[in-house]
């Protein structure tokens, strides 16, 4: 379906980083650079996507990702509609196929989909001609989150290649982890994961990923930690005995970070459970880039929207100068 | 009585008799009267020209889902048994996980009578092992057998409770029927939708480990040893299960098992792209598992091939992977897929395949068919083992089209299927 490659080598859709090349990922990050500045203006709007209709189709609750997409869409001048699963036809039993076809019948241009089932974004993309952006599908991928993580790392280190990045926490249920693994590896970083084996998916080593069961070892190894949210449901489902114990064994604390041979950068995709996977001293401390991640999220999503709409990376600087 | 049937000009292949020769088959009153090169045609006989075809005992499938009652949008007894004869199967055993479950004698009698009325494949009902397949209270197994049940099973679900499984393996000995077990430890499969491993990890799908099956096989083999009951393990998929089955065979236990055509060839790679047609339980596993179950079938550690024919409606498979039901539509592709998996690459001879799909099921289940010996019911299949054909689900006789094999070219095509001396299927174009 990617025979008609658009801006930066993207196809019709952005489903995951597994299927995108390192060059495409770099081009998205490069395109995001000039878009960062739009959000710093007094009037945060350019007409890049004027007249485009974008539906944010969220089958799972999300605050950060949905708002970030919505800002990105609006700052590029698109018309946006948010559809949340609760209260929509979905609860009346409509299938995903029919939801998609009905949206299509209203002549839209793009869909951002967040869905609880892995593969749902691909499923939608295969069935409608609009551009589909995966805003997170089940435990599969969350490509724009990984892109904003990559952009933030590049801002911090000036490069991705050669970095050692360890993703800490609930890997098995994490779409953020999978997208980060693909993205980081394609840009030449080394990737490790760290957590109790009950939260590490089977045969992940075959993806070229090192596995740590002790966070202290991960800290000795890594240049940066990407600390994942530990959901309360995991405790209830028996993956770990308690959040308290999780914090004791895997919590990223200042004391643990101080043992590192160098300065470690700490990322977190949010929302944070302070005192569980990350301590406040770390989250709010000088090594944290958690808020820059959020800022970069809007720029990266602008870049993806712009490129999928047919924009060229080298014209991004020019495009954003247009008057609203 | 109807006229005798004289089948001539074909190659007769019957491993149960050790025959592989150009010969004629004479059927009188629905039974095999004679097989041999020198058998002559009685004056009043109807003739069937088998020139260019191979003539073997009809295939037997001890594991199909016909969905009636309750799931007629997927399949019913009529469409399912017609799919069976189109696939060369003269006998199919119908699993009881319908809605309601086949757990009382009236329901067993219904399936049996409805199957007879269709006049396609012989339909033999399997009774539920527990009431409502709830895994708690044993059904009235004697009553079910009296009504025509040939086995009991809670298939679709495992018999989880070890105590109940023990009682089933003890109690069924009175009636000399097997307990067919869907071997799965639910605590290990919880929420799983495909094989646990690399592909599940990459796709972000919840996995089902080999141990979920093998642990249950190990337990059940020990219970067969304890009780002396006939345990039949359904759809073996994991290489570790084979180890336990070999252990049971070595000890001479009454343990038999089956493997599906899809587990003999396909792997988890087929799930990539969230292909719901490849979503099946037990899941498609790794190449090393495929090799292990294939070798076990060749050695006789696994006794038979059974399809686990599991029809599902188009809409049910046209969904998110997590929400699509498990199952592959198997009857009409089974022979060709087994040719591809076993005979084409030389793992098994054609005689070996006919044994695993006809003679062996009859042998382990005590059926009078699966052989062309004199006096056996005349259940016969005529086929061309070398003919190529392309799988086109739109042409299935089954009401459903859920197969991962659409567009595959297979070798080995069924031409005529005869049940009790009556020709019940003739391939399109043969007239």
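The values are calculated or read from the model by the stated rules, or taken from the named source; none is laboratory data. Since the structure is predicted, the reported quantities are computational estimates derived from the model, not experimental observations. In this analysis, Cβ positions are derived from the backbone assuming ideal geometry, glycine residues included, and neighbour counts consider all displayed protein chains.
Summary table
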| item | result |
| --- | --- |
| All positions within segment B:198-222 that are surrounded by fewer than 22 Cβ atoms within 10 Å (Cβ to Cβ) and either away from chain A (no Cβ under 14 Å) or touching a strand residue (DSSP E or B) at 6+ places or on another chain (Cβ under 7 Å) (or both) | B:215, B:218, B:219, B:222 |
| Matching entry among A:162, A:136 (being modelled with pLDDT of 95 or more, at positive phi, over 16 Å from the mean Cα position of the chain (by Cα) and not in a helix (DSSP H, G or I)) | A:162 |
| One residue from B:66, B:53 being touching a helix residue (DSSP H, G or I) at 6+ places or on another chain (Cβ under 7 Å) and at pLDDT 95 or above | B:66 |
| Checklist (1) away from chain A (no Cβ under 14 Å); (2) in contact with a helix residue (DSSP H, G or I) (Cβ under 8 Å, 6 or more places away or on another chain) applied to residue B:161, failing item | (2) |
| Residue within segment A:119-130 that is touching a residue at least 60 places away in the same chain (Cβ under 8 Å), away from every other protein chain (no Cβ under 14 Å) and closer than 29 Å to residue A:232 by Cα present | no |
| Residue B:258 vs. criteria within 14 Å of another protein chain (Cβ to nearest Cβ) and touching a residue at least 40 places away in the same chain (Cβ under 8 Å) | no |
| Segment A:185-206 residues that are within 14 Å of another protein chain (Cβ to nearest Cβ), paired with ones that are at pLDDT below 95 and in a helix (DSSP H, G or I) (beta carbon under 8 Å, 6 or more apart) | A:199/A:234 |
| Breaking point among (1) more than 17 Å from residue B:309 (Cβ to Cβ); (2) assigned to a strand (DSSP E or B); (3) in contact (Cβ under 8 Å) with a residue 60 or more places away in the chain, for residue B:62 | (1) |
| Top-ranked residue of segment A:249-305 - restricted to ones that are out of contact with any helix residue (DSSP H, G or I) (no Cβ under 8 Å at 6 or more places or on another chain) and at pLDDT below 95, ranked as farthest from residue A:63 (Cα to Cα) | A:262 |
| Residues that are surrounded by fewer than 21 Cβ atoms within 10 Å (Cβ to Cβ), at pLDDT 95 or above and assigned to a loop (DSSP other than H, G, I, E, B), drawn from segment B:282-323 | B:286, B:300, B:313 |
| Tally, over segment B:225-243, of residues that are part of a helix (DSSP H, G or I) and crowded, with 24+ Cβ neighbours inside 10 Å | 2 |
| Only one of B:323, B:243 that is within 14 Å of another protein chain (Cβ to nearest Cβ) and without any contact (Cβ under 8 Å) to a residue 40 or more places away in the chain | B:323 |
| Qualifying residues in segment B:5-27 (those that are under 20 Å from residue B:368 (Cα atoms) and under 25 Å from the mean Cα position of the chain (by Cα)) - the one surrounded by the most Cβ atoms within 10 Å (Cβ to Cβ) | B:14 |
| Meets criteria (on the phi > 0 side of the Ramachandran plot and surrounded by fewer than 24 Cβ atoms within 10 Å (Cβ to Cβ)) for residue B:88 | no |
| Residue identified as within 30 Å of residue B:195 (Cα to Cα), in the same structural domain as residue B:236 (by TED's automatic domain parsing) and modelled with pLDDT of 95 or more among B:105, B:178 | B:178 |
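Rundown of residues vs (1) surrounded by fewer than 24 Cβ atoms within 10 Å (Cβ to Cβ); (2) outside the structural domain of residue B:178 (by TED's automatic domain parsing); (3) in contact with a helix residue (DSSP H, G or I) (Cβ under 8 Å, 6 or more places away or on another chain); (4) closer than 20 Å to residue B:378 by Cβ, yes/no style:
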position	(1), (2), (3), (4)
B:61	no, no, yes, yes
B:70	yes, no, no, no
B:84	no, no, no, yes
B:129	no, no, yes, no
